[in-house]
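Note sheet for the following structure.
The values are calculated or read from the model by the stated rules, or taken from the named source; none is laboratory data. Everything numeric in this text was worked out from a predicted model, so none of it was measured. Cβ atoms come from the backbone with ideal geometry, glycine included; neighbour counts cover every protein chain shown.
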Amino acid sequence: MPLTGAAAADLVELADPPTGARLLDVGTGTGVAAAAAKERLGAEGTVVAVDLAPNMLAVGARKRPGISFAAADAVDLPFLAATFDVVTANFLIALVTRYDTVLFDMIRVLKPGGRIALTWWGTGQDEYQKTWRALCEEAVGQEMLDDAVAGMMPWNDRFSERASFDETLRNAGLHPVRIEAREYRAQMSREDYLVHRSTSASGRFVRRMLGEDGWRRFMDRARAEYAERFPEQLNDFRDVLIAVGTKAADGLQQQDVQGAHRR
């Protein structure tokens, strides 16, 4: 999606990897952020991209030569300590079951003085999102939808708020922490927008609940609602938080994080 690609480019820019850096992109998908990193680092740098989804890794490896793709879990990264200068994760951190464990392992593989850079969606919602949400609630009920989305994005509230995002990274032992809020715009047709929403957490849940026949009726209802309310071409605005934290250069930080992790 254009929004995630634009945020990935800014994520790498704010991480500011040094010349010749080794960069790890966690939860890479098809390698959108990894590609932005490779473009910045060029032949002098090394980009490694990991994900649990083999089909996405296969697409990434085919489309993006020059990047090393590998299957790996964010909670158990298969790399030695202090291997990378920068670790990035684009729209991952609120999806994992244990964000503290994921942060711990990212910090473990990071060199002293290296940086972790993360993105997650902000809290702002435009009328397109509000309309989609209302349609989903109408189809399956608000309470059931809330529970389902919370199960798929368990830490959305923590990482969509700037203050709690900052606090979480500092509690993990990163310092300093810098967080920027940026707004992105994507122009797309109504149909492309609805196709995108159908793959969101709410869309996937509604589809499972309604079955294929019910889902077709739901999408017909959504198309009619959007055609009545919005023009053919949409300007979709989304708020994104980009956070960069630094691992202490003296090694004390990692000891603190390991102690917190054991507790």
Notebook entry, point to check: How many of the residues making up segment 221-249 are at pLDDT 95 or above and of a type in the set (S, T, N, Q)?
Noted result: 2
Checklist line | Failed item, numbered, when THR101 is tested on (1) β-branched (Val, Ile, Thr); (2) surrounded by fewer than 20 Cβ atoms within 10 Å (Cβ to Cβ); (3) within 21 Å of ALA7 (Cα to Cα) | finding: (3)
Checklist line | Residue list for segment 20-47, restricted to those being of a type in the set (A, V, I, L, M) and more than 17 Å from the chain's Cα centre (by Cα) | finding: ALA21, LEU41, ALA43, VAL47
Item checked: Residues being modelled with pLDDT under 95 and touching a Ser or Thr at 6+ places or on another chain (Cβ under 9 Å) - total across segment 9-19 -> 0
Margin query: Looking at (1) closer than 30 Å to GLU228 by Cα; (2) of a type outside the set (Asp, Glu); (3) not in a helix (DSSP H, G or I), which one does ARG204 not meet, given that it meets all the others?
Written below: (3)
Item checked: Filtered residues of segment 68-87 (kept if within 28 Å of GLY122 (Cβ to Cβ) and touching a Lys or Arg at 6+ places or on another chain (Cβ under 9 Å)) -> VAL75, LEU77, PHE84, ASP85, VAL86, VAL87
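Residues checked against (1) without any contact (Cβ under 8 Å) to a residue 40 or more places away in the chain; (2) outside any helix (DSSP H, G or I); (3) under 20 Å from the mean Cα position of the chain (by Cα); (4) under 23 Å from GLU39 (Cβ atoms):
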{"position": "PRO78", "(1), (2), (3), (4)": "yes, yes, no, no"}
{"position": "VAL87", "(1), (2), (3), (4)": "no, yes, yes, yes"}
{"position": "THR97", "(1), (2), (3), (4)": "no, yes, yes, no"}
{"position": "ASP100", "(1), (2), (3), (4)": "no, no, yes, no"}
{"position": "ASP105", "(1), (2), (3), (4)": "yes, no, yes, no"}
{"position": "GLY113", "(1), (2), (3), (4)": "no, yes, no, no"}
Checklist line | Test for ARG208: is it buried (at least 18 other Cβ atoms within 10 Å of the Cβ) and without any contact (Cβ under 8 Å) to a residue 60 or more places away in the chain | finding: no
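Just to be sure, is THR123 in contact with an Asp or Glu (Cβ under 8 Å, 6 or more places away or on another chain), part of a loop (DSSP other than H, G, I, E, B) and in contact (Cβ under 8 Å) with a residue 60 or more places away in the chain?
Working: in contact with an Asp or Glu (Cβ under 8 Å, 6 or more places away or on another chain): yes; part of a loop (DSSP other than H, G, I, E, B): yes; in contact (Cβ under 8 Å) with a residue 60 or more places away in the chain: yes.
So THR123 passes the test.
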Check: Listed residues ALA6, ALA94; which is within 23 Å of ARG197 (Cα to Cα) and at pLDDT below 95?
Finding: ALA6
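Tell me, yes or no, whether segment 227-244 has at least one residue that is over 17 Å from the mean Cα position of the chain (by Cα), under 30 Å from ASN171 (Cα atoms), touching a residue at least 24 places away in the same chain (Cβ under 8 Å) and surrounded by 15 or more Cβ atoms within 10 Å (Cβ to Cβ). I'd like the intermediate steps shown before the answer.
Our first condition is that a residue be over 17 Å from the mean Cα position of the chain (by Cα); within segment 227-244, this holds for 227-236.
This time we only want the ones that are under 30 Å from ASN171 (Cα atoms), so: none.
Within segment 227-244 (the criterion being over 17 Å from the mean Cα position of the chain (by Cα), under 30 Å from ASN171 (Cα atoms), touching a residue at least 24 places away in the same chain (Cβ under 8 Å) and surrounded by 15 or more Cβ atoms within 10 Å (Cβ to Cβ)), the answer is no, since none of the residues qualifies.
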Next item on the list: Go over the candidates ALA34, ALA71, ALA117 one by one and state the one that is surrounded by fewer than 18 Cβ atoms within 10 Å (Cβ to Cβ) and either in contact with a helix residue (DSSP H, G or I) (Cβ under 7 Å, 6 or more places away or on another chain) or over 26 Å from LEU194 (Cα atoms) (or both).
Entry: ALA71
Next item on the list: Answer yes or no as to whether ALA81 is small (Gly, Ala, Ser) and surrounded by fewer than 19 Cβ atoms within 10 Å (Cβ to Cβ).
Entry: yes
